[in-house]
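Structure record follows, encoded as structure tokens.
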Amino acid sequence: MIASEIKPFDSKTFLGVVGAGRTIRKYPKDATVFAQGDAADSVFYLQRGKIKIAVVSPRGKEAVVAILNPGFFFGEGCLAGQSLRMASAVAIVDCSIVQVKKPVMVQVLHDEPEFSELFIAHLLTRNIRIEEDLIDQLFNSSEKRLARILLLLANFGKEPRPEEVIPSISQETLAEMIGTTRSRVSFFLNRFRKMGFIEYEAGALRGGMHVHTSLLNVILHD
């Protein structure tokens, strides 16, 4: 009797189908995936869309700490002992998100080297991004910070190819991300548009924004 063949573990399949301890949900634009202070009992994986990670101070001031593109995990703090969410996760556009319960995530990380490598690569990428964000805040002008954020939102330099259009994102959110005022963001966006680095309807970002690689000139120029 020939033993039945056991299929090897596949990370894409694990993160692509519903199974024990994991679900897939659709979140419309502006929907809250989890809120600051909620119980932290799951890890999330973004299949499609964009997610805003934001923190609100005791005085009610919000700071956007990250905008996540597809392929990113978030909410992984529960694996390090966080019992409550330290930030909120909100859909910027319509999203498809995999939710993996903490015990299942821990077990898969323990049992499947392929998945562990994928997750470690994600953590390292996020750590590098945090360091780059800190350096950006300390040493670059708000104009350069805005240019960098727009290029990151367009997935510039990453696989797959850069997105032709960034989905709608408010000037207030952009201002929170780079630590400046909405009026400054509006000023720089108008300048970028006049120089041909970006394209959008004058006076509105509702239809999305085209970001050209020529926007790199702003970052490279001293």
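A few comments on the model shown:
- Length released on extending from PHE187 to ALA31, taking residue separation times 0.36 nm less the Cα-Cα span: 53.2 nm
- Using a Förster distance of 35 Å, the FRET efficiency for ALA63-ILE24 (Cβ separation, nearest 0.05): 0.75
- Net charge of neighbours whose Cβ lies under 9 Å from the Cβ of ILE97, counting Lys and Arg as +1 and Asp and Glu as -1: +3
- Our helix-only sum for the chain, with -39,500 (n - 2.57) per DSSP H run of n ≥ 4 divided by its residues, gives a mean residue ellipticity at 222 nm of -11000 deg cm²/dmol.
- Residues whose placed amide H lies under 5 Å from that of VAL65, excluding near-sequence neighbours: ILE53, ALA54, VAL55
- Exceeding the 30 Å Cα-Cα cut-off - candidates LYS50/LYS102; LYS52/LYS194; LYS7/LYS50: LYS7/LYS50
- Among 114-127, 186-199, sorting by the average number of other beta carbon atoms lying within 10 angstrom of each residue, highest first, gives 186-199, 114-127.
- Candidates ILE130, ILE92, ILE166, ranked by Gaussian network fluctuation over the chain, Cα under 10 Å, top entry: ILE130
- Cα-based equivalent ellipsoid of the chain: semi-axis lengths in Å, sorted from largest, via gyration tensor: 35, 20, 16
- Estimated translational diffusion coefficient (Stokes-Einstein, Kirkwood radius over Cα pairs, 25 °C, 0.890 mPa s) of segment 1-69: 159 µm² per second.
FYI, it's all coordinate maths here, none of it is from the lab. None of the values given here were measured: they were computed from a predicted structure. We place every Cβ from the backbone using ideal geometry, glycine too, and count neighbours over all the protein chains shown.
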